[in-house]
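Structure first, commentary second.
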There are 2 protein chains.
Amino acid sequence: MLGQDDDSDGCCPGLLSAPLDEAQAAELAPLFKALGDPVRLRLLSMIASGQGGEVCVCDLTPAFDLSQPTISHHLKLLRQAGLIDSERRGTWVYYRLVPETTDRLADILTRPADSPAPAGAAS
Amino acid sequence: MLGQDDDSDGCCPGLLSAPLDEAQAAELAPLFKALGDPVRLRLLSMIASGQGGEVCVCDLTPAFDLSQPTISHHLKLLRQAGLIDSERRGTWVYYRLVPETTDRLADILTRPADSPAPAGAAS
DNA sequence: AGGCTGGATCGATGTCTGTCAATACAACCT
DNA sequence: AGGTTGTATTGACAGACATCGATCCAGCCT
């Protein structure tokens, strides 16, 4: 079981339809923060679109102009945020997406069908 | 200026289906970074769910245990990211959501229908 | 066992960010 | 004009973050 619905899921249809309370905001912010770096964004997209749903670190590291510890650090942050998951197989470590997490974010950013037509929608 | 659809839209069905290139990542990261703070997340959700699609700063500021300049600073960051827009009406300033921006983020985080069933989906 | 390669952790450093008090700017109201 | 209230800007500062080199751990191969 992935640790969702412990207490904060199922209640929040999105941040666009009702004000977030402090606890929800505190839980969500680190997720977005993890996405708030170009390197991590690229890492995540490489992992998400990888053949077989996973990518070897050995394929990720050389794709950047950054040191190997730096890439490892970014992967750790993405993993701690629950966006990706890792598995060691022999010498190599493979990362794959945790779709539940990105799904949740997508949900949160999707406004309900009855979104209150923003008055001055002209343009 | 909000850097939308100048050149990078319409091409990227999402970061989950194909690797982002450096330019796309550099453009998206600041958006997520703007969401990566609990205060800004709450501000955004208060604005998005406000009556009439807009909220007066005078209603936002007292909702936090933070100084008025700090709230103003966060609003500025959200505006610079293109997530909200402001309008001065008399003495008061009103903020409202820019739905195109949140829509774009939601799109980007939504995986395509043919998402590659993550191998170990057992449980 | 000893050596080698892939990856993570540690410690240090420069930059960015969130916060505040003080101040400036804008619009209203005598 | 002068005072008052709402909002933005400035300057300063502590804590967080991205990055690196050096080192350590895990698994492979003679």
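A short reminder: the numbers here are calculations on the coordinates, not readings from a lab. As the structure is a computational prediction, the values presented were derived from the model and not from experiment. For neighbour counting, all protein chains shown are included, and Cβ atoms are generated from backbone atoms with ideal geometry for every residue, glycine included.
Measuring from the axis that superposes chain B on chain A, report the chain B residue with the minimal C-beta distance, rounded to whole Å.
B:Gly36, 2
Assign unit charges at the C-beta atoms only (+1 for Lys and Arg, -1 for Asp and Glu), then state the dipole size of segment B:47-105 relative to its Cα centre in Debye, rounded to the nearest 20.
160 debye
What are the lysines whose alpha-carbon lies under 23 Å from the alpha-carbon of B:Lys76, with same-chain residues fewer than 8 places away excluded?
A:Lys33, B:Lys33
Using a ≥ b ≥ c from the Cα gyration tensor of segment A:24-123 (square roots of the eigenvalues), is it rounded, prolate or oblate, where a/c under 1.5 gives rounded and otherwise the larger of a/b and b/c decides, a/b for prolate?
Here segment A:24-123 falls in the prolate category.
Please give the average number of partner chain Cβ atoms lying within 10 Å of the Cβ of each residue in A:94-104, rounded to a whole number.
Mean shielding count: 3.
I want the local charge near B:Cys56. Using Cβ-Cβ distances under 13 Å, sum +1 for each Lys or Arg and -1 for each Asp or Glu among the other residues.
0
What gaps in nm, shortest first, separate A:Glu22 from its twins in the other copies when you place the label 7 Å past Cα toward the beta carbon?
Those label-point separations list as 4.3 nm.
Find every distance from the label point of A:Leu66 to the corresponding label point in the other copies (7 Å from Cα along Cα→Cβ) and write them in nm, one decimal, shortest first.
The projected label point of A:Leu66 is separated from its counterparts by 2.5 nm.
Applying a 10 Å radius around every beta-carbon, put B:98-106, B:60-68, A:37-45, B:85-93 in order of their mean neighbour count, most first.
Taking the mean over residues of other Cβ atoms within 10 Å, the ranking is A:37-45, B:98-106, B:60-68, B:85-93.
Can you tally the net charge around B:Trp92? Count Lys and Arg as +1, Asp and Glu as -1, for every other residue whose Cβ sits under 11 Å from the Cβ of B:Trp92.
With Lys, Arg at +1 and Asp, Glu at -1, the net is -1.
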